Protein chains: 2
Amino acid sequence: MKIQPVIMSGGSGTRLWPMSRASRPKQFLKLVTDKTMFQETALRVSPALDPSFLNPVVIAGGKHGALITEQLNEIDIVPADIILEPCARNTAAVAAVAAAWVARGKEDALVLLMPADHHIADAEKFRKAVASGANAAKEGYIVTFGIKPDHPHTGYGYIEAGDKLFDAVYSVGAFKEKPDAATAQQYLDSGGYFWNAGIFLFKASAMLDELAKHAPDIKSNATEALQKSVMSGAALRLDETVFSKCPSNSIDYAVMENTSKAAIVAPVDVGWTDIGSWSEVSSQEGSENIAAIDCNNNVIRSDGPFIAATGVKDLIIIATGDAVLVARRDDAQQVRAIVEELKSRGREDLL
Amino acid sequence: MKIQPVIMSGGSGTRLWPMSRASRPKQFLKLVTDKTMFQETALRVSPALDPSFLNPVVIAGGKHGALITEQLNEIDIVPADIILEPCARNTAAVAAVAAAWVARGKEDALVLLMPADHHIADAEKFRKAVASGANAAKEGYIVTFGIKPDHPHTGYGYIEAGDKLFDAVYSVGAFKEKPDAATAQQYLDSGGYFWNAGIFLFKASAMLDELAKHAPDIKSNATEALQKSVMSGAALRLDETVFSKCPSNSIDYAVMENTSKAAIVAPVDVGWTDIGSWSEVSSQEGSENIAAIDCNNNVIRSDGPFIAATGVKDLIIIATGDAVLVARRDDAQQVRAIVEELKSRGREDLL
């Protein structure tokens, strides 16, 4: 059975400003390894490593076609297609486009839908989890991946595992919103709750059927936007008029919480991190371009200027050639407020 | 009676890194007003404002001759001379050079010796204080200026005023080192202690006599270094071999604490600040190049990059094109440790 990786690369990554910019969002930056998160995502499911994987499809923001081509060239991966979104419509629309694309000519392949901005330390274990999930996906389940929590994180959604369906695959008991600290601790202690990694494995027909039932506007508009797409350079550009009619919703809300076909591979223990904010990114202290004296628990990174810090703790300090961010590490989400402020000042040069 | 201003501009200002650099120390930066502190010092005693002031003499670091010429040109002030120190030998040697220079041809003028890196808000009141001091200086006193404290600052030296000598001029009771907080509060409460502004007014012959008594090596070497000085561009360069033999000492230690001729003008209430560290510099919050959200009591300044801060307090955040500093405001002296670290890393490009 073939697996068609589809990389969702449409995020804007504003919480990783000032390095993440509209022209080069976080997934295209080298924040964790010496490759970008987008490149790591593509390499994780490279056909060279496992011939059951087909060349990837990339679904991305409308301005990033050339960047994607460049970054895939650097790692010698040939995309099966690059599909550009004329506007952002959240993940359910992306799932619909992915399913419609695969249904158009590769209907036997399972779709492996992955965000481009997650870090997974152990790619081999990840591929094993995908193989486990494939047993359920080929039977019509829409399979999600449940990461084994190692601490009571309050910033992730959780999934409760239900009855066993296949080896390492369970039905979904319930989707849980981001919990408070006490609830997160209960989830951790119980052992039956897993972080929702936002990665999905499914037959194209299964996803299209469930979208037709639970989110018909998304299904019809996304499918039509793909049919009416036009070539733009090396990429396919979705029809803007039609695609913009898709309601903006997540796969979880639009499909997973409503379908009876939800399943979960669990526990998945692959060193997974959603690189959602600077608090999840490692500090560059110790590099030749940073001096930190009497400092503790900061995230300090620069892509150019020297950064000197003294006597400070629990901070995020990020410098680029044209902007500097200083924020509290326990309040990394506040970077969004900065980006809003820049918008209100008309500082597109910094966004 | 004529007054010969001599501006001491030899400081390196390392505690104001990263804006203050070896090639352009803090006195040559616009940190307080729209002119540099050096320019403000020259303008404060401009002959155009008060014809009793002669054109200034500047005594500065060996590399800053061109910068001084440029900065004086900008404010239309013609220097009487620019004297370059081949090495730093502290203020007693500078006072000796100043006195020797004036004694050489303007022995009737009083010498007004001023650091280039102080801010004085009310220049007119300052000139009035100088006029008060002149009555004592022409009688052979070495006059210092006692700033009226408005808070119990622990970072300044204090001078206790003694008996009244002239109108607004007193003998010096005692020089006091930087006090602890309780002592500083006692000084403030007593009303008889004043901040030592490091500004001096004296007859050249009086200073040379007192140096001969209390610091003969400084007097003889500084005087000889001036005699053997050579023209270098528009400036006079002190003889390095001789000048380097001057012991490095301050005017206070070498002369003022030993002489019976010390006097103090007090209280001087002119809005005086020694711009010694970032904690004394005003924040640029509110400028178009800075966004501070939920922030409190920071000093934030940039000469180029945008700075965005959120949720932080009591910090110093300074950005230049090639370096960023983040430090605790209550520990601004620690910037010196950063500069030492850069030296040890051989990063002359940042110093």
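Here are the numbers for this structure:
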item: MRE, 222 nm, helices only [DSSP H, n ≥ 4, -39500 (n - 2.57), over chain A, to nearest 500]; result: -8000 deg cm²/dmol
item: Mean-position separation - Cα centroids, segment B:1-17 and segment A:48-104, in angstrom; result: 64 Å
item: Cα-Cα P(r), segment B:72-202, percent of pairs per 10 Å interval; result: 11, 35, 36, 15, 3
item: Solution diffusion estimate, µm²/s, Stokes-Einstein, segment B:43-108, Kirkwood Rh from C-alpha pairs, 10 °C, viscosity 1.306 mPa s; result: 123 µm²/s
item: Between segment B:106-163 and segment B:164-178, the alpha-carbon center distance in angstrom; result: 11 Å
item: Length-normalised contact order of segment A:3-273 in % [C-alpha pairs under 8 Å, at least 6 apart]; result: 25 percent
item: Taking the convex hull of Cα positions in chain A, its mean projected area over all directions (nm²); result: 17.7 nm²
item: Size of charge dipole - segment A:1-121 - debye, nearest 20, with Cβ of Lys, Arg +1 and Asp, Glu -1, no other charges; result: 420 debye
item: Residues A:Ile317, A:Ile290, B:Ile68, sorted so that the one with the fewest Cβ neighbours within 10 Å comes first; result: A:Ile290, B:Ile68, A:Ile317
item: Part-to-part distance (alpha-carbon centres) for segment B:179-203 and segment A:281-342, which is given in Å; result: 40 Å
item: DSSP bridge orientation in segment A:278-350 - percent antiparallel, rounded to nearest 5; result: 35 percent
item: Most mobile of A:Ala80, A:Ala266, A:Ala215 in a GNM of chain A (Cα contacts under 10 Å); result: A:Ala80
item: Spread of Cα-to-Cα distances over 10 Å intervals beginning at zero, given as percent, for segment B:1-113; result: 14, 46, 33, 6, 0
item: Residue order, fewest to most beta carbons within 10 Å, for B:Val230, B:Val265; result: B:Val230, B:Val265
item: Positive-end residue, segment B:3-274 charge dipole about Cα centroid, Cβ charges, pick of B:Ala134, B:His119, B:Pro56; result: B:Pro56
item: Cα long-axis angle, helix B:216-227 against chain B (0 to 90 degrees, to the nearest 10); result: 90 degrees
item: Full-stretch length increase - B:Ser220, B:Lys35 - with 0.36 nm per residue and alpha-carbon distance subtracted; result: 62.9 nm
item: Loop GluC sites (Glu not before Pro), segment A:144-222, which have at most 13 other Cβ atoms in a 10 Å radius of their Cβ (DSSP); result: A:Glu177
item: Choice from A:Leu226, A:Leu188, A:Leu211 showing the highest fluctuation, given a GNM over chain A with Cα pairs closer than 10 Å; result: A:Leu188
item: Local net charge near A:Phe175, Cβ-Cβ under 13 Å (Lys/Arg +1, Asp/Glu -1); result: -2
item: Distribution of pairwise C-alpha distances over segment B:278-350, 5 Å bins, in %; result: 4, 16, 26, 23, 17, 9, 4, 1
item: Contact order relative to length of segment B:1-68, as percent, for alpha carbon pairs under 8 angstrom and 6 or more apart; result: 43 percent
item: Inter-label distance for B:Asn55 and A:Thr241, nm, one decimal - labels placed 7 Å from Cα along Cα-to-Cβ; result: 7.8 nm
item: Where Cα atoms sit under 30 Å apart: lysine pairs in segment A:207-343 separated by 8 or more or lying on different chains; result: 11
item: Residue exposure sequence - A:Val281, A:Val130 - by fewest surrounding Cβ within 10 Å; result: A:Val281, A:Val130
item: Calculated on alpha-carbon atoms, Rg and Dmax of segment A:188-313 in Å; result: 22.3, 59
item: Rounded to 10°, Cα long-axis angle of helix A:65-74 versus longest principal axis of chain A; result: 80 degrees
item: Coarse-grained scattering of the protein assembly as shown at q = 0.06 Å⁻¹, given as base-10 log I(q)/I(0) from a Debye sum over alpha-carbon atoms; result: -0.52
item: GNM flexibility winner over chain B from B:Tyr193, B:Tyr253, B:Tyr170 (Cα, springs under 10 Å); result: B:Tyr253
item: Which of A:Ala109, A:Ser244, A:Ala174, positive extreme of dipole for chain A (C-beta unit charges); result: A:Ser244
item: Anchor A:Lys30: aspartates and glutamates whose Cα lies under 12 Å away (excluding residues fewer than 8 positions away in-chain); result: A:Glu40, A:Asp117, A:Asp303
item: Principal-axis tilt of helix A:90-103 within chain A, Cα atoms, nearest 10 degrees; result: 40 degrees
item: Size of electric dipole in the protein assembly as shown: Cβ of Lys, Arg +1 and of Asp, Glu -1, about Cα centre, debye, nearest 20; result: 680 debye
item: Label-to-label distance, nm, for residues given as B:Glu177 and A:Lys164 (7 Å Cα→Cβ offset); result: 7.7 nm
item: Spin-label pair B:Cys87/A:Lys128, simplified geometry with 7 Å Cα→Cβ offset, distance in nm; result: 6.9 nm
item: Overall Cα dimensions of segment B:3-67, principal axis frame, Å, largest first; result: 38, 25, 18
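A short reminder: the numbers here are calculations on the coordinates, not readings from a lab. Keep in mind the model is a prediction, meaning the values are calculated, not measured. Positions of Cβ are generated from backbone atoms using ideal geometry, with glycine treated the same way; all protein chains shown enter the neighbour counts.
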